[in-house]
Amino acid sequence: MNATIPQESARMFVPADSIIRQIWGDADVILLIFGGAAGEFALNRAVDWLFFTGNLPADPIGRLFSTVRYAQEILLATDIKARQALSRINAIHGGVEEKRGRRIPDWAYRDVLYMLIDYSERAYQSLHRPLTDAEREHMFAHFREVGTGLQIPDLPTSYAEWKIDRVAHLNSDLVHSEFTDKLFRRYREQLGGWRYSLLRQAQAVLMPQPVSRLLNLPQKPLLQYSIGLYKVLNALGLRSLTQRILLPAEYLDQIRALDR
C-alpha cells in the first residue's frame with residue numbers, strides 16, 4: 001500500500017510556477033543579487049553587528065554562500081521546512097543579541113529584507129527581462145511573508161508602499177564608514193584584482209544611485225555592454241565555461257549547486 005503525503009506537509013512556501021523560483025533557482029542571478037547586497041550592506045549603519053560576530057570580515061564569500069543556502073532553504077522549500085528555517089534564523093539572531101546585550105534595530109532587519117527584494121528584481125532584469133507588475137506584487141507578498149516569519153514589524157502592505165519605504169531607507173540608513181572600507185578590502189583579498197574590479201562593475205550596473213554614489217562606483221560600467229555577450233554564450237551552451245573564467249575555482253562547485 002502506497003503511503004500518501006499529507007497535503008499540508010507537501011505544500012510549498014512558494015508555488016511551483018512562481019517567478020521567485022526562476023530567480024532563486026538561477027545561480028547567475030543569485031550571484032548578482034548578493035554582489036549588490038554585499039556592496040550595499042557594507043554601507044549600512046548596522047554593519048557593525050556582522051563585525052561583532054566576526055563571520056563576515058573573516059570570510060565574506062563563505063558568508064555569502066551560507067546566506068544563499070538559508071535563502072534558498074526558505075524560498076524553495078515546503079512551507080513547513082521554510083518556517084523551521086525562519087525559526088532557526090530567529091534563534092541565531094537572538095543568540096547574537098544576547099551576547100552583545102542589545103537588540104538589532106528593527107530598521108536593520110527591514111533593510112536586509114528590502115535589499116533582497118530590490119536586487120532580486122534588478123538582477124533578473126539584468127540577465128533576463130523586467131518583471132511584470134503582477135510578478136512584482138507576487139514577489140513582494142512572499143518576501144513580506146518571510147519578513148513576518150522573521151518577526152520584522154511595520155512592513156509595507158504592497159509593492160508600491162515598499163518602493164516608497166525603500167527610498168526612505170536608502171536616504172537614512174547608509175553611510176560610508178571604516179567598516180565599508182574594511183569589507184571591500186576583504187572582498188579584494190578574496191577575489192583578486194580583476195575579479196574584484198568585475199564585482200564593482202556588476203554593482204555599478206545593479207545599484208540604486210544613492211548606493212553607487214557612496215561607493216564611488218564607475219558611472220559608465222563596461223559590464224553593462226557585456227551582458228548581451230554573456231547571454232549569447234549561455235545560449236550557446238557555454239555557461240559552465242563562462243563561470244569557470246569569471247569565478248574563483250575553489251567556489252565553482254558551491255556556485256553550480258545554486259542552480260535548482
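The values are calculated or read from the model by the stated rules, or taken from the named source; none is laboratory data. Note that the structure is predicted; figures quoted are calculated from it, not measured. In this analysis, Cβ positions are derived from the backbone assuming ideal geometry, glycine residues included, and neighbour counts consider all displayed protein chains. The protein model used for the area step is the full one, side chains on, heavy atoms only, and it has no ligands, DNA or RNA in it. Shrake-Rupley method; radii C 1.70, N 1.55, O 1.52, S 1.80 Å.
Out of the residues in the stretch 40-72 meeting the condition of being over 22 Å from Trp107 (Cβ atoms) and under 13 Å from the mean Cα position of the chain (by Cα), tell me which one is most open to solvent (accessible area, probe 1.4 Å).
Filtering the stretch 40-72 for residues over 22 Å from Trp107 (Cβ atoms) gives 54, 57-62, 64-66, 68-69, 72.
Now narrow it down to the ones that are under 13 Å from the mean Cα position of the chain (by Cα): 61, 64-66, 68-69, 72.
Working: Ile61: 25, Leu64: 37, Phe65: 8, Ser66: 40, Val68: 0, Arg69: 124, Gln72: 5 Å².
Looking at the filtered set, the residue picked out is Arg69.
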Would it be correct to say that Arg63 is touching a helix residue (DSSP H, G or I) at 6+ places or on another chain (Cβ under 8 Å) and farther than 24 Å from Asp253 by Cα?
no
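Applying the selection to the stretch 91-118, what residues are outside any helix (DSSP H, G or I) and more than 30 Å from Ser18 (Cβ to Cβ)?
Gly101, Arg102, Arg103, Pro105
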Among the residues of the stretch 40-76, which ones are in contact (Cβ under 8 Å) with a residue 24 or more places away in the chain, under 21 Å from Asp118 (Cβ atoms) and hydroxyl-bearing (Ser, Thr, Tyr)?
Thr67
Quick one: how many residues across the stretch 24-49 are of a type in the set (A, V, I, L, M), within 17 Å of Leu215 (Cβ to Cβ) and assigned to a helix (DSSP H, G or I)?
4
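State whether the residues of the stretch 77-87 include one that is surrounded by 19 or more Cβ atoms within 10 Å (Cβ to Cβ), in contact (Cβ under 8 Å) with a residue 60 or more places away in the chain and of a type outside the set (A, V, I, L, M). Let's see the steps before the verdict.
First, pick out the residues of the stretch 77-87 that are surrounded by 19 or more Cβ atoms within 10 Å (Cβ to Cβ): 82, 85-86.
Right, trim to in contact (Cβ under 8 Å) with a residue 60 or more places away in the chain and you get 82, 86.
Add one more test, that the residue is of a type outside the set (A, V, I, L, M), and what stays is none.
The answer is no; no qualifying residue exists.
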Which one of these is surrounded by 14 or more Cβ atoms within 10 Å (Cβ to Cβ) and of a type in the set (Lys, Arg): Arg110, Arg103?
Arg110
Taking the stretch 167-199 as the region of interest, how many residues are closer than 21 Å to Pro248 by Cβ and without any contact (Cβ under 8 Å) to a residue 24 or more places away in the chain?
7
